[in-house]
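The structure appears below as structure tokens.
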Amino acid sequence: MTQLSCFKAYDIRGRLGDELNEDIAYRIGRAYAESVKPKKVVVGGDVRLTSESLKLALSRGLQDAGTDVLDIGLAGTEEVYFATFHLALDGGIEVTASHNPIDYNGMKLVGAGARPISSDTGLLAIQRLAELNQFSAVDPAARGSYQQISVLDAYIDHLMGYITPANFKPLKLVINSGNGAAGHVIDALEKRFQQLKMPISLIKVHHQADGTFPNGIPNPLLPECRQATRDAVLAYGADMGIAFDGDFDRCFLFDHKGGFIEGYYIVGLLAEAFLQKKPGAKIIHDPRLSWNTIDVVQAAGGQAVICKTGHAFIKQRMREEDAIYGGEMSAHHYFRDFAYCDSGMIPWLLVAELLCVKNKTLEQMVKDRMAAYPASGEINSKLDNPTEAIERVRATYQPEAICVDETDGISLAFADWRFNLRSSNTEPVVRLNVESRANKILLDKKTNEILNLLRQ
């Protein structure tokens with residue numbers, strides 16, 4: 001039995017060739033079908049050059065196991081989520097490596113209702129079956145069908161349901177699809193804006209889908225991936241900039257001056273917007289940075305509920321709490337009406353509407369929150385012994401802490417500052433986040449102290 005290293009905690013990701021290839025994709029299809037026992041599954045793929053061949057191999061595996069396959073073609077992850085719940089299918093699989101290096105690919109798996117399939121909800125069982133590779137002979141008479149379909153119009157209808165077109169005033173928006181999968185959705189939204197006579201002008205950057213990624217792998221979480229969006233915002237005098245990662249399950253926002261707005265403050269902005277429509281609703285947030293979100297939610301009459309970082313945990317907790325919205329500082333935003341799934345399209349539409357309704361710039365909407373709760377942003381450290389390093393930090397600071405939380409890693413809070421330190425679930429790094437109460441000098445001082453301790 002060969003161990004398949006492409007299976008991770010939340011999804012499938014591996015280097016092309018030895019870790020992920022068409023044979024392995026076929027086995028994953030067979031294993032998914034045998035484990036989940038679906039009658040009908042949707043598949044889609046991002047723009048990577050190997051996504052189409054891997055998707056077809058995956059589809060053959062599903063079909064050979066008796067599962068009918070609906071292929072929506074080039075698609076972002078959330079389009080597979082949407083098709084799964086909108087068409088009431090038994091599951092969905094997106095072939096994508098998101099923002100991983102160019103020689104990687106992967107898959108994101110969901111079951112009925114677009115519920116995530118991760119290591120504690122079925123992914124391990126699929127992995128075992130794929131590794132065993134002992135599937136029954138194919139019965140041609142029982143083989144599943146394959147059909148290419150489109151759900152784009154229905155998906156655009158759904159997205160437009162989150163906003164009120166009449167609220168929009170003239171807006172100029174820069175949209176950077178990063179040569180990823182977002183372009184066709186942006187084009188379809190633009191067409192809908194024109195049909196509804198919404199005064200929105202789109203400036204498209206790196207718009208064409210191109211699996212060679214001529215402008216680099218799209219990951220605007222990295223500062224070096226932000227310049228093109230910033231430059232276009234300034235050059236065109238845009239009201240806001242929007243940039244996506246490869247499968248557009250995350251969007252990143254820039255104000256009219258080209259300033260990058262940390263995802264943490266967008267969580268507060270969207271939470272407030274939802275609570276204005278649904279007073280008293282529950283909002284889910286992760287523990288890495290939390291004071292601003294808690295403050296905003298409580299002031300708006302909502303209930304802030306903390307949850308471990310990671311899409312599987314957030315989605316599950318949202319279902320348990322019937323939360324209207326969930327947000328992570330990493331620019332993942334989750335919506336109850338989107339089957340509790342994350343979307344990179346819904347957030348920017350909502351924020352664009354807020355610009356018009358509040359008649360404020362994005363900078364004006366978040367400036368006070370950024371001043372009230374300045375944050376370090378996530379700082380990653382590759383360490384030889386992460387457990388020992390985390391314990392060193394804990395031993396130094398825990399005796400003086402007024403609150404200790406271990407929802408995800410270790411969070412220690414003090415009167416005027418707090419931090420969260422956690423080992424990554426997906427990479428060999430330790431991630432640090434620090435925030436303070438309106439004290440940037442204290443923030444910088446404590447951030448440097450902890451980093452020095454960590455990296456001894």
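The values are calculated or read from the model by the stated rules, or taken from the named source; none is laboratory data. For clarity, every value in this text was computed on a predicted model and none was experimentally measured. Positions of Cβ are backbone-derived with ideal geometry, glycine not excepted, and every protein chain shown enters the neighbour counts.
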task = Considering only the stretch 162-183, state which residues are over 30 Å from N105 (Cβ atoms) and not in a loop (DSSP other than H, G, I, E, B).
result = P165, A166, N167, L171, K172, L173
query = Applying the selection to the stretch 124-147, what residues are touching a Leu at 6+ places or on another chain (Cβ under 7 Å) and not polar (S, T, N, Q)?
reply = A130, E131, G144
query = If you check every pair at least six apart or on different chains, which have Cβ atoms under 7 Å apart with a residue in the stretch 411-425 that is under 15 Å from A438 (Cβ atoms) and modelled with pLDDT of 95 or more first and a residue that is of a type in the set (F, W, Y) and not in a loop (DSSP other than H, G, I, E, B) second?
reply = R418/W291
message = I'd like to check something: does the stretch 321-338 contain any residue that is out of contact with any helix residue (DSSP H, G or I) (no Cβ under 8 Å at 6 or more places or on another chain), of a type in the set (G, A, S) and touching a residue at least 40 places away in the same chain (Cβ under 8 Å)?
response = no
query = Taking the stretch 292-310 only, how many residues are of a type outside the set (V, I, T) and crowded, with 22+ Cβ neighbours inside 10 Å?
reply = 3
request  = Starting from residues that are without any contact (Cβ under 8 Å) to a residue 40 or more places away in the chain and surrounded by 15 or more Cβ atoms within 10 Å (Cβ to Cβ), keep the ones in the stretch 166-186 and report whichever is nearest to L56 (Cα to Cα).
outcome  = G183
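Every residue, every condition in (1) assigned to a strand (DSSP E or B); (2) among the hydroxyl-bearing types (S, T, Y); (3) under 21 Å from R60 (Cβ atoms), yes or no:
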{"site": "A97", "(1), (2), (3)": "no, no, yes"}
{"site": "I102", "(1), (2), (3)": "no, no, no"}
{"site": "N105", "(1), (2), (3)": "yes, no, yes"}
{"site": "V110", "(1), (2), (3)": "yes, no, yes"}
{"site": "I126", "(1), (2), (3)": "no, no, yes"}
{"site": "Q134", "(1), (2), (3)": "no, no, yes"}
{"site": "V138", "(1), (2), (3)": "no, no, yes"}
{"site": "A141", "(1), (2), (3)": "no, no, yes"}
query = Looking at (1) without any contact (Cβ under 8 Å) to a residue 60 or more places away in the chain; (2) assigned by TED's automatic domain parsing to the domain that holds R30, which is the only condition D157 fails?
reply = (2)
message = of a type in the set (V, I, T), assigned to a strand (DSSP E or B) and under 24 Å from V80 (Cβ atoms): which single residue out of I217, I186, I242 fits that description?
response = I242
